[in-house]
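Working notes for the structure below.
The values are calculated or read from the model by the stated rules, or taken from the named source; none is laboratory data. Everything quoted here is computed from the prediction, not taken from an experiment. Cβ atoms come from the backbone with ideal geometry, glycine included; neighbour counts cover every protein chain shown.
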């Protein structure tokens, strides 16, 4: 593995173990305050771990034990570039000189650094802005310059901390496309709470919650079969966790949820998660005929547009229904409903 991290920061309640293969991108996906930026700060060298070890390409960057740092490579010698939410370009330098800064700081000649900057300006499509100052750039242009500056330093590891968070919604698609191209062979860690960032840019996802990695796997797998509440929520899926009874998942909030077990050999009492799509949930005002296998009594919390459908959220699950159903059932906050879902629509996985 090119990048490895085992680190704790008790003051921030962080305890993480990460590894990233050469040329791949790992997304740290989680809510605000989960610990994603702290993990990036450890890798970049802006924070020190209380305990742990961080390595890159066979080189130990940090080693610490019980609050004492025994090995420490300063940030500027790590071959690590950090791209933050704000571009933080040098205001007194031109776009070209901002990009040339990395190669120059590594000892390249002025001519060589300038040539590298010109190459990156072409890559990010800003060659015509080479002699502008940052104050004359739009937000999207400034972030493209920041990307070029980060990569011009030829980092062994690129860290991206919510790179689209501060941009207008109309410029983020183009920037994602740029990053998708540039990250193809770059070892990178991306911190984000946006599922589109993870889906389009990352090979793998590690879900961070309360300073811990609670789920890890290939991007498509995590989003299709989430095992954590946050991954399920951003993937647009319902997730109910509990223990395996032999034919269902016994939950604290919804009784036993019956479904198809991906691993039927799991012993009774094992921690399991039931996952199903909001579109598989039907809503009623009273118990429906036929006694569906899975029935949930709930209260409507919110009603919001979701494409051509309407997403109705209750305490523990979401349902996608037609606008006609919303009108006929008077689905407004506070309305008591009965949700049903067929067992065939529920997949059950070990936690």
* **Single condition residue 210 does not satisfy, out of (1) surrounded by fewer than 16 Cβ atoms within 10 Å (Cβ to Cβ); (2) not assigned by TED's automatic domain parsing to the domain that holds residue 38** => (2)
* Do we have residue 314 as crowded, with 16+ Cβ neighbours inside 10 Å, within 26 Å of the chain's Cα centre (by Cα) and closer than 29 Å to residue 244 by Cα here? -> yes
* Asked: Scanning for something surrounded by fewer than 16 Cβ atoms within 10 Å (Cβ to Cβ) and touching a residue at least 60 places away in the same chain (Cβ under 8 Å), does region 37-54 turn up at least one residue?
  -> no
* To do: State all residues of region 292-351 that are touching a residue at least 60 places away in the same chain (Cβ under 8 Å) and within 21 Å of residue 231 (Cβ to Cβ); if no residue qualifies, say none.
  => 315, 316, 317, 318, 341, 345, 346, 347, 348, 349, 350, 351
* Asked: Of the conditions (1) in contact (Cβ under 8 Å) with a residue 24 or more places away in the chain; (2) surrounded by 19 or more Cβ atoms within 10 Å (Cβ to Cβ), residue 61 fails just one. Which one is it?
  -> (1)
* To do: Could you identify the single residue in 20, 95, 16 that is touching a helix residue (DSSP H, G or I) at 6+ places or on another chain (Cβ under 6 Å), surrounded by 16 or more Cβ atoms within 10 Å (Cβ to Cβ), within 30 Å of residue 223 (Cα to Cα) and at pLDDT 95 or above?
  => 16
* **Filter result for residue 135 (modelled with pLDDT of 85 or more, out of contact with any helix residue (DSSP H, G or I) (no Cβ under 6 Å at 6 or more places or on another chain), loosely packed, with under 15 Cβ neighbours inside 10 Å and assigned to a loop (DSSP other than H, G, I, E, B))** => no
* Just for region 114-129: of the residues that are within 24 Å of residue 86 (Cβ to Cβ) and surrounded by 16 or more Cβ atoms within 10 Å (Cβ to Cβ), which one is nearest to the chain's Cα centre (by Cα)? -> 124
* Looking only at region 279-336, count how many residues are modelled with pLDDT of 90 or more and assigned to a strand (DSSP E or B). => 23
* Structure fact -> Of (1) in contact (Cβ under 8 Å) with a residue 60 or more places away in the chain; (2) farther than 16 Å from residue 101 by Cβ; (3) crowded, with 21+ Cβ neighbours inside 10 Å, residue 179 satisfies every one except (1)
* Asked: Name the residues in region 168-185 that are more than 14 Å from residue 202 (Cα to Cα), within 17 Å of the chain's Cα centre (by Cα) and either at pLDDT 85 or above or not in a helix (DSSP H, G or I) (or both), would you?
  -> none
